[in-house]
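Values quoted throughout were computed directly from the atomic coordinates according to the rules given, and no laboratory measurement underlies them. Everything numeric in this text was worked out from a predicted model, so none of it was measured. Reconstructed Cβ throughout: ideal geometry from the backbone, glycine too, with neighbour counts over all protein chains shown.
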Amino acid sequence: MPLFPGYVFVRPRANQYEGMRYIHGSCGFVLADNKPATMPEKDLHAVKMLVDSGAALTVESELIAGKCVKFVAGPFMGVEGELVWIKNQKLLVINVDLVGGSVRVEVDREEISVL
């Protein structure tokens, strides 16, 4: 299973961009300001280190800080909140607005769904 399904990282020379736009099965480049987006060298190096480590890796594209979530199990079932950060693979930290204040709670991944 690819680490980033649907993405291929390339380092084309300036004269190769036009020909790469029409590769069969390709949807095109990821763009930023109407130009092909670039990935900082340090980020590319970090991805290569992770892949080369041999560790079991998964990308949780749904679980990003700032996402709205809803509790689907446990004592907060039905309550909505905001994902603050992922403590580890199974434990998440969620901000919940209750009674005029904000409460930060740690929950198991299985107790929430992303809205």
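The set of residues from the range 99-115 being assigned to a strand (DSSP E or B) and more than 26 Å from residue 57 (Cβ to Cβ) comprises 101, 102, 103, 104, 105.
The residues in the range 92-113 that are among the hydrophobic types (A, V, I, L, M, F, W, C) and in contact (Cβ under 8 Å) with a residue 40 or more places away in the chain can be counted, and the count is 1. In the range 9-28 there is at least one residue that is on the phi < 0 side of the Ramachandran plot, touching a strand residue (DSSP E or B) at 6+ places or on another chain (Cβ under 7 Å) and free of Cβ contacts under 8 Å to residues at least 24 places away in the same chain. Just to be sure before I move on: is residue 44 surrounded by 10 or more Cβ atoms within 10 Å (Cβ to Cβ) and closer than 19 Å to residue 3 by Cα in the structure I sent? So residue 44 passes the test.
Given the condition surrounded by 11 or more Cβ atoms within 10 Å (Cβ to Cβ) and either under 22 Å from residue 114 (Cβ atoms) or touching a residue at least 60 places away in the same chain (Cβ under 8 Å) (or both), answer yes or no: does some residue in the range 54-61 qualify? Checked against the condition, which is being surrounded by 11 or more Cβ atoms within 10 Å (Cβ to Cβ) and either under 22 Å from residue 114 (Cβ atoms) or touching a residue at least 60 places away in the same chain (Cβ under 8 Å) (or both), the range 54-61 yields at least one hit.
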